Amino acid sequence: MKNLLADKSSGEDIIVKVKDVTIGGGNLTFISGPCAVENLDTLMAIGEGLKAQGVHMIRGGAFKPRTSPYDFQGLGIEGLKILKAVGEKYNMPVVSEVMDASQIEEALKYVDMIQVGSRNMYNYTFLKELGKLQVPVLLKRGMSATLSEWIYAAEYILKEGNMNVVMCERGIRTFETITRNTLDLNAVAMIKEHYRLPVLVDPSHGTGRRELVKPMSIAGVSAGADGVILESHITPDNSVSDARQTINIKAVGEIMEQCKIVRSVL
Ligand code: PEP
Ligand code: MN
């Protein structure tokens, strides 16, 4: 089989720049924000808190791929405008999910990095379109995707010429039901050993439980992750989506501190 562009043997490890934030290359990057952008005031307050904790980038969903079509679907472009306003106010790059190729051009007016959600990892026309641009892409693992399917999804983007791909392990479906997903740290260690793409862990979706977010963040960094994505809110219980796995701003700071300690020991 042909050597993949993602293989370590194909070149140096890939480092992705999102404005002045660097992902990979030995950096430990923290991205945080609410599952969904809810309104300007709430996101401003979250952004202020996250900035004070030293978080590097803000994330918030505007196009929400909800399991049920009756659940809150996100604010759409209005949400992206809010995200951009908060990012500019606190001088933090922003990342948000786009659900298909038709939304890319409009979204790029507002976001610095595009998230491909778990449910879209197999959307190859979308991946190819992202490959034709130089936009940083956060590629979440499909919830039932094997490691090689996930790597091939990245390869669809790389092959078109866009090397700005960051992998995100967000948990896979297993027989376990107590946790929402199972954060697959094998995959993180495999990517660090064999592939040249940066990889982040998302222990919020990876566990579905806020009390597990700290230990699994630390575990992710121990497995070699280049950073952590945390769902956070000023009042987590009031989050319109994914409240059960959302942590408060203070907890984000504590997790960052502990992850940095672990990284320095390693
Ligand atoms: C999210 O990031 O809020 C999200 C929907 O994640 P995933 O695509 O991993 O389910
Ligand atoms: Mn979420």
Using a simple spin-label model with points 7 Å from Cα along the Cα→Cβ vector, what separation in nm is obtained for Asp7 and Glu254?
-> 4.5 nm
Anchor Lys19: aspartates and glutamates whose Cα lies under 13 Å away (excluding residues fewer than 8 positions away in-chain) = Glu88, Asp112
Reachable aspartates and glutamates, given that their alpha-carbon falls under 14 Å from the alpha-carbon of Lys260 and they are not under 8 places away in the same chain = Asp226
Over all directions, what mean area does the Cα convex hull of the chain project, stated in square nanometres?
-> 13.0 nm²
Rounded to one decimal in nm, the spacing of the 7 Å Cα→Cβ label points at Thr182 and Glu105 is 4.4 nm
Membrane-span-like helices in the chain: DSSP H runs reaching 24 Å or more (Cα, own axis), mean Kyte hydropathy at least -0.5?
-> 249-265
Using a 10 Å Cβ count of at most 12 others and DSSP loop calls, identify the longest part of the chain lacking such chymotrypsin sites (Phe, Trp or Tyr not before Pro).
-> 71-174
Rounded to the nearest 500, what is the 222 nm mean residue ellipticity of the chain from helices alone, with -39500 (n - 2.57) per DSSP H run of 4+ residues and division by all residues?
-> -10500 deg cm²/dmol
The residues Glu12, Glu129, Glu169, Glu88, sorted from fewest to most surrounding Cβ atoms within 10 Å, come out as Glu12, Glu88, Glu129, Glu169
Percent antiparallel among DSSP beta bridges confined to the chain, rounded to 5, stands at 15 percent
In the Gaussian network model of the chain, springs joining C-alpha atoms below 10 Å, which of Met216, Met190, Met143 carries the largest mean-square fluctuation?
-> Met190
Looking only at aspartates and glutamates whose Cα falls under 15 Å of Lys132's and that sit 8 or more positions away or on another chain, we get Asp100, Glu105, Glu155, Glu160
Expressed in nanometres to one decimal, the distance between label points 7 Å along Cα→Cβ at Thr174 and Thr22 is 3.5 nm
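Bear in mind that the values in this text are calculations on the coordinates, not laboratory data. Model, not experiment: these values are computed from the prediction. Neighbour counts are summed over all protein chains in view; Cβ atoms, including those assigned to glycine, are modelled from backbone coordinates with ideal geometry.
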